[in-house]
Structure formats: C-alpha cells, structure tokens
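Any read-out appearing in this document is the output of simple, stated calculations on the displayed coordinates, not a laboratory observation. In this text, all values refer to a predicted model and were calculated from it rather than measured experimentally. Cβ sites come from the backbone with ideal geometry, for glycine too, and all protein chains shown count toward neighbours.
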Amino acid sequence: MIVGKRITWRDGDFIALKLRDDLFTAARMERQAEMCFFNIFQSHDDWSNVDWDGVLPIFHGFVGSVVLKRLGYRKLDVTGSILGCRPQDLWIKSYSIFDPGHFEGDIESFPMLGGRLIDLRGGMFDTNSAPVVKHDLKVLQDRQQIERYELVNMWGDLDLTDRLIRYHETGINRDDLKFEVFPGLWDDREKLRPLTRRLPAPFR
C-alpha cells in the first residue's frame, strides 16, 4: 500500500478518495478526464472485506486535476463485476449566450441556461463538436433525461466532496448546477440549503 504518492491518471484504475478524515470512497478513472463514483463509503482506508460485485455506481463526472491532487489517496486493487462499469455515453451540455437560437436568457441571466443532450461515445471528448441527440431539453417534456444524465461541466475537489458527502448522508444524488441550468426541475431548494459549492456563493 502506497499512500501519499502522487497519483497518475490511467484509464480503468480505481482509486480511494479521502472526503474527510473519517470518510473514504472509491472511484474509477475512465477515458481522459471522466471518473465514475461508486456507492461505497468507509470510515477508514480499509477495503479488504468489500464485496465489489455488489457495489454500484452513483454517477459519472468530468474532473479537474485538482481532484486527484487533493482527494486522491491511493490506487486500489479491485476485482469482480464492477470492472464492467462503462463510461457514460450521453451527457448534457448547457447553453450560453454564445448559443443564439437556443439560449433563452440575457446578459442578466445565469450564464448557463437550458441544454442539449450530446453523444460522447467512441472516446470523443470534444463537447463542442459532439453529435447532438436532442436540442433544447425542457423540464416538462424531458425531465427523465435531465435528471438521468450528467452535465459536462468539470468538477473540482470542493464541489465533488460536497456532493458525495451529501449523498452519503441523505441519499440525494444531484448536481446542484441543474437548479440554475433547468429552472423548475426541483422544488425543494430551500429545504436543501446550503447547497453544494457546485454553485456560486450567492446561489447556494
């Protein structure tokens, strides 16, 4: 076991993430910057008795290098059916003021509003040129897809920690950025405050 050594990215490798001194979880490095996070939480860095066949993914997300630097604890030796977890193919890319005809806000609006479903299968990572499966996702018509698929926006160490800890403590698995990108998607914002650091401070 090597702890504290700089972790290098290698597709398919599993790592332990340290969320707090008393809380660890596991993730898998997928293609390029994509990571899969799993529903497994330990109070210590001890994975010897884990039945990996029964561990399911929570969500996928694109992560910045700061996640490995600040949360990565060590690589894990993992066996079982969990190795069959595949990268996420469909993602949501939000609209901005640079998407005329689709962005329904103005210069006073939240900078991301609405989005389209894109296909990143085949190893594609360029979200700007990825094929669009569906433009102009709407809460009323496309709620299931909006809730199911993740935004392409990168995660840092702080907002990722917030989301994973909240899931561990409450079972709520959401990207709070969707509160602004898709207004009206959820009606329990006030109950959840403070929201995660995925949102700028004034919106939490």
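Values for this structure:
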{"quantity": "Label-point gap, in nm, between ASP136 and ASP89 - each point 7 angstrom along Cα→Cβ", "calculated": "2.6"}
{"quantity": "Per-pair calculated FRET efficiency, R0 = 45 Å: SER48 and GLU104 via Cβ, rounded to 0.05", "calculated": "0.30"}
{"quantity": "Exposure proxy ranking, count of Cβ atoms within 10 Å, fewest first, for VAL50, VAL181", "calculated": "VAL50, VAL181"}
{"quantity": "Charged-residue dipole, Cβ positions (Lys, Arg, Asp, Glu), the stretch 33-80 about Cα centre, Debye nearest 20", "calculated": "340"}
{"quantity": "Cα long-axis angle, helix 139-148 against the chain (0 to 90 degrees, to the nearest 10)", "calculated": "20"}
{"quantity": "Correct option for Rg/Rh (Cα atoms, Kirkwood Rh) [calculated from the coordinates] among (1) 1.47; (2) 1.15; (3) 0.97", "calculated": "(3)"}
{"quantity": "For the stretch 163-204 and the stretch 4-71, distance of Cα centres in Å", "calculated": "22"}
{"quantity": "Cβ-based exposure ranking for ARG6, ARG86, in which fewest neighbours within 10 Å come first", "calculated": "ARG6, ARG86"}
{"quantity": "Too-long pairs where the Cα-Cα distance tops 31 Å, listed order kept, from LYS75/LYS134; LYS69/LYS93; LYS69/LYS178; LYS75/LYS191; LYS18/LYS93; LYS138/LYS191", "calculated": "LYS75/LYS134; LYS75/LYS191"}
{"quantity": "The chain: angle of helix 157-170 to the longest principal axis, Cα-based, in degrees nearest 10", "calculated": "80"}
